[in-house]
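Q: For reference, the structure I am asking about is given below.
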Amino acid sequence: MTEESMDIDMSMPTNTVEEFLRMERMPHIWCPGCGIGTTVNCFAHALETSGLDLKKVSIVSGIGCTGRVAGYLKLDSFHTTHGRALPFATGLKLANPELKVVVYSGDGDLTAIGGNHFIHAARRNVDMTVVLINNFIYGMTGGQVAPTTPIGATASTTPHGNFEEPFNLPYLAESCGAVYVARWTAYHVRHATKAIKDALLKRGFSFVEILAPCPTLYSRRNRLGDGLDQMKFYRDNSEVKNDADTKTVGLSFQGKVIVGKFVDKDKPTYLDSMNAFYAQKFGDKYSPYKG
Amino acid sequence: MKADPKGVMAGAYFIDGDHACAEGAIAAGCRFVAGYPITPSTEVVERIAERFPLIGGMFIQMEDEIASSIAIQGAVWAGKKAMTVTSGPGFSLMMEHIGLAAMTETPCVFVDVQRGGPSTGLPTLPGQGDMMQARWGSHGDYGIIALCPNSPQESFDLTIKAFNLAEQYRVPVLLMLDECVGHMTERVVVPPAEEIEITPRRYWEGPKEGFLLFKAAQDRVPPMVKAGDGYNIHVTGLTHDERGYPVMTAAAQEKLIRRLVDKIRLNSEAIVEYKEDQTAGADIVIVSFGITSRVAIPAIEQARREGAKVGHLRLITAWPFPARRIRELSGHVSCFVVPEINYGQMVREVERCVAGRTRVERVSHGGGSVHNPKDIYAKIMSCGKEERR
């Protein structure tokens, strides 16, 4: 340790994101090398620069490793049931449109057990931001196959390797109606932060997929090294392709990772459509719904 | 406080129990309903969908009952009074979220218009087979309140009561209709708003500093705040402490779950409601609920004409169950007769309370129709004969 590093004023917060976290709940549950914490850092920085009134930001998670994010953020935070963060968030947002509602959960939670809710929330274009952390595996329960596990990868419930076609999540989100779709990795912290901020400020159903290493249960079982090796893999194998056709961004086992902002368009939200429709239908008798 | 006059359709109407339930919800201040179509409950949400746009309500038809039963909980944490409506198969799908509402103490109302089951069963025909599911359907232990109206008027009245109890105890309340009560059309009087008593949400009024979302008051019910109020609340289905933070220990479980059970159990005298008819001095008491309580009346009257001393106790709250009253009656009653459209659910509660002190007879019916009153009459008379021997 150098003389210089001893001069740190210990009374000051060591990390500017601390004010966004429930520090009394640290240490968190995530494993060394896990990418989820990195994304929370990105999210906190995005919040910091978004200009949003934090009092009005609610975060909703489902169940799983990423499902624990809500509990660590110093916001109104809801840790719901497995797969059901989106319908909870739909109720929260539609009951009080003043709230900025963020759903932060994992690939298994949002697209396996919660897949039906995902497609319908996107279809309705409910004004909310979804941050999906994709680690290709069920981490919390011990490394089972997920709808995102690439063909050829091994999981505890596909010990001989996975042969099921995985989801291409940006394509799924776009085709169901999302107005903002981006994918980054835990390596791309600046891009991911910017994408989350853009998504937070976007009106409508915005979707950010972030690939994150799960060294304990995905990388180790697949002999891909530790978290750092996975970050190096993202660095060396990602290709930034903004506006890429989402049909072409599917992932294969340790293949090229297309990242970027794929969709950014404007469309009336659920409430915009409802208010416009009823105003026309009922005329002066209708007051726009404000919650 | 009194009901918000906006939306209260004061007057006398000729409507069915499903529509009356919708009007009761509106009168109770419910302004968020999420649902998924299912016979024989759909008319409730159809009326809500018709009425809500012009009274500032939000109705959303969700993608399934699982989504509906948690969308309402999001709405409650945003400050609304909220309800979902379903029937058997949908009720089964909602079980996890009844547990979530119990665990997170989210006041909301679940309506189950019961049909014949199990599985798809008899979609258009009556059943009363969800009564134990209402009590025990979600995994783990918790307290719950369930009400069972027997007429469209009571469907209106008890829907309001369901919302009031939900707020009073920060608990999900189940309104257990059956197909007959849901589809029966009768006169329903909607009183003017100033005559409708509404229990407001128990919002915290103390200082923000040190507020604990799950620190209970004397009656074991904690106060609430809502999202956007600046409290940075945390709400989880995990076992949690008074801050709402997860704590994975047996001690935290004991403290929380005991309170969730006790807040209903120890307040049950205040919650329990039933109606009695000629139970004083009765030899035989019919215990019934919902449509069966009306089907039993001709049987009771016939038996009385023939000299039998028959009383009638009608459950209005199925849960909590009027255990103390049944125990009292078991001291002088020689036989309880429990007709219900299932193969023996609430009768088990009667048996539990009677604890062998006297006879309990069931009049079971698989569903698809109501009982023939003759079957209830025959059971009453057979009990009477036993008694005389």
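The values are calculated or read from the model by the stated rules, or taken from the named source; none is laboratory data. No experiment lies behind these values; they were computed from the predicted model shown. All Cβ positions, even for glycine, are placed from backbone atoms using ideal geometry, and neighbour counts span all protein chains on display.
Q: If you check B:206, B:182, which single one turns out to be assigned by TED's automatic domain parsing to the domain that holds residue B:105 and surrounded by fewer than 24 Cβ atoms within 10 Å (Cβ to Cβ)? Give the steps one after another, and end with the answer.
A: On the way: B:182 fails: surrounded by fewer than 24 Cβ atoms within 10 Å (Cβ to Cβ).
The match here is B:206.
Q: Here is a follow-up. Yes or no: the range B:283-290 includes at least one residue that is in a helix (DSSP H, G or I), within 24 Å of residue B:385 (Cα to Cα) and touching a residue at least 24 places away in the same chain (Cβ under 8 Å).
A: Initially, the range B:283-290 is screened for residues in a helix (DSSP H, G or I), giving none.
No, every residue in the range B:283-290 fails to be in a helix (DSSP H, G or I), within 24 Å of residue B:385 (Cα to Cα) and touching a residue at least 24 places away in the same chain (Cβ under 8 Å).
Conditions tested, residue by residue: (1) more than 27 Å from residue A:69 (Cβ to Cβ); (2) modelled with pLDDT under 95; (3) assigned to a helix (DSSP H, G or I).
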{"position": "B:235", "(1), (2), (3)": "no, no, no"}
{"position": "B:238", "(1), (2), (3)": "no, no, no"}
{"position": "B:244", "(1), (2), (3)": "no, no, no"}
{"position": "B:251", "(1), (2), (3)": "no, no, yes"}
{"position": "B:255", "(1), (2), (3)": "no, no, yes"}
{"position": "B:258", "(1), (2), (3)": "yes, no, yes"}
{"position": "B:263", "(1), (2), (3)": "yes, no, yes"}
{"position": "B:269", "(1), (2), (3)": "yes, no, yes"}
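Q: (1) touching a residue at least 12 places away in the same chain (Cβ under 8 Å); (2) away from chain A (no Cβ under 14 Å); (3) closer than 20 Å to residue A:54 by Cα: which one isn't true of residue B:233, the others all being true?
A: In the conditions (1) touching a residue at least 12 places away in the same chain (Cβ under 8 Å); (2) away from chain A (no Cβ under 14 Å); (3) closer than 20 Å to residue A:54 by Cα, residue B:233 misses (2) alone.
Q: Collect the residues in the range B:370-387 that are surrounded by 16 or more Cβ atoms within 10 Å (Cβ to Cβ) and modelled with pLDDT of 95 or more, keeping them in residue-number order.
A: Within the range B:370-387, the first condition is being surrounded by 16 or more Cβ atoms within 10 Å (Cβ to Cβ), and the residues that meet it are B:370-371, B:373, B:376-377, B:379-381, B:383-384.
Listed by number, the residues that qualify are B:370, B:371, B:373, B:376, B:377, B:379, B:380, B:381.
Q: Quick check on the range A:85-103. Is at least one of its residues closer than 21 Å to residue A:201 by Cβ, in contact (Cβ under 8 Å) with a residue 40 or more places away in the chain and more than 10 Å from every other protein chain (Cβ to nearest Cβ)?
A: yes
Q: Report, by residue number, each residue of the range A:234-291 that is in a strand (DSSP E or B) and of a type in the set (Gly, Ala, Ser). Steps first, please.
A: Initially, the range A:234-291 is screened for residues in a strand (DSSP E or B), giving A:238-240, A:257-264.
Scanning the range A:234-291 gives A:238, A:260.
Q: Can I ask one more? Could you tell me whether residue A:49 is in contact (Cβ under 8 Å) with a residue 40 or more places away in the chain, more than 14 Å from chain B (Cβ to nearest Cβ), within 15 Å of the chain's Cα centre (by Cα) and surrounded by fewer than 24 Cβ atoms within 10 Å (Cβ to Cβ)? Write out each step before concluding.
A: Working: in contact (Cβ under 8 Å) with a residue 40 or more places away in the chain: yes; more than 14 Å from chain B (Cβ to nearest Cβ): yes; within 15 Å of the chain's Cα centre (by Cα): no; surrounded by fewer than 24 Cβ atoms within 10 Å (Cβ to Cβ): yes.
It is false that residue A:49 is in contact (Cβ under 8 Å) with a residue 40 or more places away in the chain, more than 14 Å from chain B (Cβ to nearest Cβ), within 15 Å of the chain's Cα centre (by Cα) and surrounded by fewer than 24 Cβ atoms within 10 Å (Cβ to Cβ).
Q: Continuing with this model, one more query. Specify the residue that is farthest from the other protein chains (Cβ to nearest Cβ); the eligible residues are those in the range B:31-45 that are under 20 Å from residue B:120 (Cβ atoms) and of a type outside the set (A, V, I, L, M).
A: It comes out as B:40.
Q: Hey, can you tell me all the residues within the range A:174-214 that are assigned to a helix (DSSP H, G or I) and without any contact (Cβ under 8 Å) to a residue 60 or more places away in the chain? Reasoning before the result, please.
A: Looking only at the range A:174-214, we keep the residues that are assigned to a helix (DSSP H, G or I), and these are A:174-176, A:189-201.
A:176, A:190 - these are the residues of the range A:174-214 that are assigned to a helix (DSSP H, G or I) and without any contact (Cβ under 8 Å) to a residue 60 or more places away in the chain.
Q: Do we find a residue being in contact (Cβ under 8 Å) with a residue 60 or more places away in the chain, over 21 Å from residue A:80 (Cα atoms) and either crowded, with 18+ Cβ neighbours inside 10 Å or within 14 Å of another protein chain (Cβ to nearest Cβ) (or both) anywhere in the range B:237-246?
A: No - not one qualifying residue is present in the range B:237-246.
Q: Among the residues of the range B:317-337, is there at least one that is surrounded by 24 or more Cβ atoms within 10 Å (Cβ to Cβ), outside the structural domain of residue B:166 (by TED's automatic domain parsing), in a strand (DSSP E or B) and under 20 Å from the mean Cα position of the chain (by Cα)?
A: Yes; the residues of the range B:317-337 include at least one that is surrounded by 24 or more Cβ atoms within 10 Å (Cβ to Cβ), outside the structural domain of residue B:166 (by TED's automatic domain parsing), in a strand (DSSP E or B) and under 20 Å from the mean Cα position of the chain (by Cα).
Q: Kindly list the number of the only condition in (1) crowded, with 16+ Cβ neighbours inside 10 Å; (2) within 23 Å of residue B:281 (Cα to Cα) that fails for residue B:345.
A: Condition (2) is where residue B:345 drops out.
Q: Okay, moving on. Could you please let me know if residue A:126 is in contact with a Ser or Thr (Cβ under 6 Å, 6 or more places away or on another chain) and either of a type in the set (Phe, Trp, Tyr) or outside any helix (DSSP H, G or I) (or both)? Steps first, please.
A: On the way: in contact with a Ser or Thr (Cβ under 6 Å, 6 or more places away or on another chain): yes; either of a type in the set (Phe, Trp, Tyr) or outside any helix (DSSP H, G or I) (or both): yes.
Yes.
Q: Kindly provide the set of residues from the range B:71-95 that are under 18 Å from residue A:80 (Cβ atoms) and either more than 7 Å from every other protein chain (Cβ to nearest Cβ) or assigned to a strand (DSSP E or B) (or both), ordered by number. Working first, answer last.
A: Here is the first cut: in the range B:71-95, the ones under 18 Å from residue A:80 (Cβ atoms) are B:71-80, B:82, B:84, B:93-95.
Result: B:76, B:82, B:84, B:93, B:94, B:95.
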